[in-house]
Every structure is written in C-alpha cells, then in structure tokens.
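Novice: Have a look at this one before I ask anything.
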Amino acid sequence: MQVLVPAVALPFLWLAAALPLAGQAPSTAMPTVQSTQSPVGDTTALAKEAEGWLADLIRIDTTNPPGNEQAAAKYIAGILTKEGLTPEFLDLAPGRSALVARLRSAAMPDPSRALLLVAHMDVVGVDKSKWTVDPFGAVIKEGYMYGRGSIDDKGMLAANLAAFIALKRSNARVNRDVIFLATADEEQGGEASIRILIAKYWDKFAAGFALNEGGRVILKNGKVQYVAVQASEKVPVDVAVIARGPSGHASTPTKDNAVVHLAAAVAKIGGYTASVRFTTIVRRYFEQLAPLEDDELAKWIRSLDTPDRGEHAQRFVSDANPLWNSMLRDTIAPTMLSAGVRANVIPSEARAMLNVRLLPGDTIDVLLADLAKSVNDPQIRFEVQPDAGLAAPPSSLESDFYVTITKAASQEFSGAPVLPFLSAGATDSAQLRLHNVQAYGLSPFPMSDEDSRRMHADDERIPLASFDKGVDFIARVVSEFAASKQ
Ligand SMILES: [Zn+2]
C-alpha cells in the first residue's frame, strides 16, 4: 500500500490505469494489517501454499528406519524445478538421498558467507493404536494439522522451502548464496546422516551460517514470551551398566545375584544429580529469562550462581522445569533393562542402558568415575557405547546472523526477546558447528508447552496459524540476511 503515496500527485488517468486497485484500497483493507511486513512482502498466500506442501510431506511416510527419504526428496525437487531452480540429489544409500538447491549471489561465491537452510525429512516411528487420527493423513481438525513430523521436522522443512521460494520469486539480488538442504537420517544418525553427507558432499552445501531446528517460540497464555534460538547442544552418550554374578538354580538364591545388583545400581543412578555448571549460553539464557518470569521464580533464577543461595536456587529452578534442569547439568536417564532367560534360572549377567546427555565440555570419564563412586559395587561396571555425539563449539551470540534473527523475531512477534538456548536434544547442527558453521536452531512456530510435548509423541500436531506465522518469520530472517537492500 505504500506505493500509493507518491502516486497521488500523478495524473488521475495514469494512476487508474497503472494501479487499478487504488480506488478500492480503503474498502479492501485487511482486517489484520501487519505494521511490520516481511521484506519478501505479504506471505499469506505463500503460507497457504506451504500448508499444502506440509500435508503432502506428512503423507510421504519417511519413518526412520528405514527412512525412504528419497521419496520426499523427489517431491521437493518437483516443487523447486517448477520454480525454475535446479535441485540436486545427494545419494547416500538405497532409497536415501538428501536434496540441495542454491540461489547464487555471484559467479564465484564465497562459501563462508553462504546461508544454509537445513531441515530433515525423516521422522520417528508411531504407535498407530495410540493416535486418534491417521499419523500419515495430515488430518486438519480444530485449526491443527495432525501428523508425524508436523512439528519435527516437516513443518520447518516446508517453511524453509517457502522462504527459499519466496526469495526466488521476489527476484531480489542476493548478497550471499542461499542454500536449501533437506537432510536424511537425522533421527537415527546412521548410514545416511549428516555426518556421512558432510564427508561425501561438503562442497555442495558449504556455508558459514545455517538455520536449523532446535529452538522454540515459547507461547505462554496465548502470547509469545520469548524466542529461544539454539546456539549449542548437549552431547548424547549411551552407557551400558553391566552387573555380573554366578548363575545358578533359582531355588537357592545368593546375595551376589546380578539382577539384584543391577537393580540397586540403577536405583542409585536414578537418584544421582550431577553438579551444576554454567556454560556462557546458559548463563546468558537465565539472565535474560529472569525479567520475563514472575517475581518468585525470577528471584531464584537470579540467585542461581550466588554462594549463599545458589544451591537452593538450583534445586528450585531445576524442579520448576525439567528442561532447565537439563540445561544446568549433565543428565542420566536409564532407558533399557535386560536380564534372564527363564523364571527359574539366576542369570550371570544383567544389563541396563543409560542415555547420558553431557554439557559440551564435560567428559564421560569424569561423570562415570563419579557414578562408580556412588554405586560403589565391584560387581558393576560401565561400558561406553560407540557412536557417541561430538561436542561442538557454540555458535557466536555476536554474529551478524544472530543479530538479524533477534531483530526479525522482535518484528515478527511484537517485541518478543531472543534468548540464546542450549538444547538438551541433539540436532544436525553439532556436525555443522564442527565445520565452522555458525548454526542457529529455531522452531519458528509459536507453540504452547502442551503442543510442543507432542513432538515424537502420539497425536503430534501443529497449529496452522502458528505454521503460517513461522513461514513469515523464516522468510523475514532469510530475506533480511541475504537480500540486497536497494
Ligand atoms: Zn528433528
């Protein structure tokens, strides 16, 4: 509508011919005029189009294993090709491919300036009997789209695609390459994962900056409280706990029964609490969080690192939210148990699996030494499993891109602040950060805790209004960072 202002001085006939909508403008004003429209323009129609892509992507079953990401890659390639782009398949394993496409800034672009938009195509499995709708049906009900992957991560996949296409359609000159990347095997981290993708095809998507999953737009009482931008993540390590003892006839039990020793060890591990350590990002997160919370909670958040009240504050804050507990310390979750072959046979071995999440910088050996002391049982030993995650350096909170995200978030969500975030969950960003990429995690969709908890759970769903908002947010971030201003 701004274009009408200078046109007023022009002869009426020219105005009427060139801008046929001019006369209608006052009566067709949108009921919800956005004062800070995205630089790529009104994204209302784009978001509706992207809802269709999201529905189609949900209907392509990419449950991992086996993944079958190639089917989703083909679908996306079709959309990109229609827009005049030239997507390329990056084959990883039979039926498993990533997909990459690029908007070029120059004949010889500088990869260190490039912006990578990443989302994964695979999803975790479902227990169909626990869903109230078809998990692969993209059913729309009461303003939600239901489906496995609607939040994690097909929502962001569709939103990234929309932002990428919006930039192409706008014909804006880009001042850095913008690369769209759909990855495979994020949920299992196996033969088709980003680790393998980087090893085989790094030059196809090398970039200095990346936007990925891993953050959140926190919706509280219907309002965006803050935008959590993931700049670091915890490091997953699986550890087996193995109890050994003599096997024997169950009619004459002895005190060295491996099952009993394992059970006692798991109980002690369950009660173990690692000590708090503040990483730079976590410290800054809590500093910025305090003014957003109510007075009582704010008081304890501000006391987290004080000598006199710190211990109580750490307990209070950890109890208030399991996510905060995970951000403050290494955590250990026992997840699997196995022992025995018959009810009347005492087995010689019993095993439990622990899923450990280390703060980046902490080492598993130090934690296990501490655990061994607390378990204090010569019949128990720990065995670190292969394929542990790698600790990556955090992304900078001073980079131009972080500043752009902060500004865009404030415009998008009526002044909502951005808080740097260390995610308890692992993402593809760790591998990117190990390759010098300043990677930041969003989930651009404003979501309540209740909806967010459905990620990986039954009846996963995304509010369509939040999806549309997320499309606008990503389009705004991308065009702010990559489109040349006139
Ligand atoms: Zn994910």
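Novice: Could you say whether any residue in segment 107-114 is surrounded by 21 or more Cβ atoms within 10 Å (Cβ to Cβ) and not hydrophobic (A, V, I, L, M, F, W, C)?
Specialist: no
Novice: Follow-up question, since we're still on this one. Could you look through segment 452-466, keep only residues that are assigned to a helix (DSSP H, G or I) and touching a strand residue (DSSP E or B) at 6+ places or on another chain (Cβ under 7 Å), and pick out the one that is nearest to the ligand (Cβ to nearest atom)?
Specialist: Ser452
Novice: Oh, and also: For segment 373-395, indicate whether the set of residues that are of a type in the set (Ser, Thr, Tyr) and under 22 Å from the mean Cα position of the chain (by Cα) is non-empty.
Specialist: yes
Novice: Restricting attention to segment 316-324, does a residue exist that is part of a loop (DSSP other than H, G, I, E, B) and loosely packed, with under 12 Cβ neighbours inside 10 Å? Lay out the reasoning, then the answer.
Specialist: Keep residues of segment 316-324 that are part of a loop (DSSP other than H, G, I, E, B), which gives 321.
Filter again for loosely packed, with under 12 Cβ neighbours inside 10 Å, leaving none.
There is no residue in segment 316-324 that is part of a loop (DSSP other than H, G, I, E, B) and loosely packed, with under 12 Cβ neighbours inside 10 Å.
Novice: Could I ask something else about it? Are there any pairs, at least 6 apart or on different chains, whose C-beta atoms fall under 9 Å, with the first in segment 121-134 and closer than 17 Å to Asp56 by Cα and the second β-branched (Val, Ile, Thr) and in a loop (DSSP other than H, G, I, E, B), and if so, which?
Specialist: Met121/Ile60; Met121/Thr62; Asp122/Thr62; Val123/Thr62; Val133/Val139
Novice: Yes or no: Asp428 more than 23 Å from Leu292 (Cβ to Cβ), of a type in the set (Asp, Glu) and either buried (at least 18 other Cβ atoms within 10 Å of the Cβ) or modelled with pLDDT under 95 (or both)?
Specialist: Considered against the rule, which asks whether it is more than 23 Å from Leu292 (Cβ to Cβ), of a type in the set (Asp, Glu) and either buried (at least 18 other Cβ atoms within 10 Å of the Cβ) or modelled with pLDDT under 95 (or both), Asp428 comes out as yes.
Novice: On to the next question. Would you call Arg381 of a type outside the set (A, V, I, L, M, F, W, C) and surrounded by 14 or more Cβ atoms within 10 Å (Cβ to Cβ)?
Specialist: Details: of a type outside the set (A, V, I, L, M, F, W, C): yes; surrounded by 14 or more Cβ atoms within 10 Å (Cβ to Cβ): yes.
Against the criterion (of a type outside the set (A, V, I, L, M, F, W, C) and surrounded by 14 or more Cβ atoms within 10 Å (Cβ to Cβ)), Arg381 qualifies.
Residue-by-condition table, conditions (1) modelled with pLDDT under 95; (2) at positive phi:
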{"site": "Leu10", "(1), (2)": "yes, no"}
{"site": "Leu13", "(1), (2)": "yes, no"}
{"site": "Ser27", "(1), (2)": "yes, no"}
{"site": "Pro31", "(1), (2)": "yes, no"}
{"site": "Gly41", "(1), (2)": "yes, yes"}
{"site": "Thr81", "(1), (2)": "no, no"}
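Novice: If you go through segment 172-215, how many residues are in contact with a His (Cβ under 6 Å, 6 or more places away or on another chain) and of a type in the set (Asp, Glu)?
Specialist: Here the count works out to 1.
Novice: When you check Arg433 against the structure, is it among the charged types (D, E, K, R), away from the ligand (no atom under 16 Å from the Cβ) and either closer than 26 Å to Ile194 by Cβ or surrounded by fewer than 24 Cβ atoms within 10 Å (Cβ to Cβ) (or both), yes or no?
Specialist: The answer is yes for Arg433.
Novice: Next question, about the same structure. Which is under 29 Å from Asp238 (Cα atoms) and either without any contact (Cβ under 8 Å) to a residue 40 or more places away in the chain or of a type in the set (D, E, K, R) (or both), of Asp110, Asp152?
Specialist: Sole residue among the options that is under 29 Å from Asp238 (Cα atoms) and either without any contact (Cβ under 8 Å) to a residue 40 or more places away in the chain or of a type in the set (D, E, K, R) (or both): Asp152.
Novice: Tally time: how many residues in segment 114-131 are assigned to a loop (DSSP other than H, G, I, E, B) and more than 16 Å from the ligand (Cβ to nearest atom)?
Specialist: The qualifying residues number 3.
Novice: Among the listed residues Ala98, Ala158, which satisfies the condition of being within 15 Å of the chain's Cα centre (by Cα), under 30 Å from Pro39 (Cβ atoms) and either of a type outside the set (Lys, Arg) or surrounded by fewer than 21 Cβ atoms within 10 Å (Cβ to Cβ) (or both)? Full working, then the answer.
Specialist: Working: Ala98 fails: within 15 Å of the chain's Cα centre (by Cα).
Residue meeting the stated conditions: Ala158.
Novice: A further question on this structure: Would you be able to tell me the number of residues in segment 274-291 that are in contact with a helix residue (DSSP H, G or I) (Cβ under 8 Å, 6 or more places away or on another chain) and either under 24 Å from Ser395 (Cβ atoms) or surrounded by fewer than 17 Cβ atoms within 10 Å (Cβ to Cβ) (or both)?
Specialist: So the answer is 9.
Novice: Of everything in segment 49-95, what is surrounded by 15 or more Cβ atoms within 10 Å (Cβ to Cβ) and among the hydroxyl-bearing types (Ser, Thr, Tyr)? Give them in sequence order.
Specialist: Thr62, Thr63, Tyr75
Novice: Also: Pick from segment 166-192 the residues that are surrounded by fewer than 24 Cβ atoms within 10 Å (Cβ to Cβ) and part of a helix (DSSP H, G or I): which of them is nearest to the ligand (Cβ to nearest atom)?
Specialist: Leu167
Novice: Does Asp134 qualify as being outside any strand (DSSP E or B), of a type in the set (Asp, Glu), near the ligand (Cβ under 10 Å from one of its atoms) and touching a strand residue (DSSP E or B) at 6+ places or on another chain (Cβ under 9 Å)?
Specialist: Values: outside any strand (DSSP E or B): yes; of a type in the set (Asp, Glu): yes; near the ligand (Cβ under 10 Å from one of its atoms): no; touching a strand residue (DSSP E or B) at 6+ places or on another chain (Cβ under 9 Å): yes.
The answer is no for Asp134.
Novice: Can I ask one more? For Asp428, only one of the following conditions fails: (1) touching a helix residue (DSSP H, G or I) at 6+ places or on another chain (Cβ under 9 Å); (2) more than 25 Å from Phe164 (Cβ to Cβ); (3) within 16 Å of the ligand (Cβ to nearest atom). What is its number?
Specialist: (2)
Novice: Here's something else I'd like to know. Among residues belonging to segment 198-216 that are within 16 Å of the ligand (Cβ to nearest atom) and either polar (S, T, N, Q) or assigned to a strand (DSSP E or B) (or both), point out the one that is nearest to Pro111 (Cα to Cα). So that I can check it myself, show each step before the final result.
Specialist: Initial filter on segment 198-216 (within 16 Å of the ligand (Cβ to nearest atom)): 210-216.
Next cut, either polar (S, T, N, Q) or assigned to a strand (DSSP E or B) (or both) only: 210-212, 216.
Numbers: Ala210: 12, Leu211: 15, Asn212: 18, Arg216: 28 Å.
Filtering segment 198-216 for residues that are within 16 Å of the ligand (Cβ to nearest atom) and either polar (S, T, N, Q) or assigned to a strand (DSSP E or B) (or both), the one nearest to Pro111 (Cα to Cα) comes out as Ala210.
Novice: Something else about it: When the residues of segment 217-240 are narrowed to those that are under 17 Å from Leu358 (Cα atoms) and hydrophobic (A, V, I, L, M, F, W, C), which ends up farthest from the ligand (Cβ to nearest atom)?
Specialist: Across segment 217-240, the extreme among qualifying residues is Ala240.
Novice: Based on what the data block shows, is Arg195 within 16 Å of the ligand (Cβ to nearest atom), in contact (Cβ under 8 Å) with a residue 40 or more places away in the chain and surrounded by 24 or more Cβ atoms within 10 Å (Cβ to Cβ)? Please lay out each step first, then the result.
Specialist: Working: within 16 Å of the ligand (Cβ to nearest atom): yes; in contact (Cβ under 8 Å) with a residue 40 or more places away in the chain: yes; surrounded by 24 or more Cβ atoms within 10 Å (Cβ to Cβ): no.
So Arg195 fails the test.
The values are calculated or read from the model by the stated rules, or taken from the named source; none is laboratory data. Just so you know, these numbers come straight off a predicted model, no measurement behind them. We place every Cβ from the backbone using ideal geometry, glycine too, and count neighbours over all the protein chains shown.
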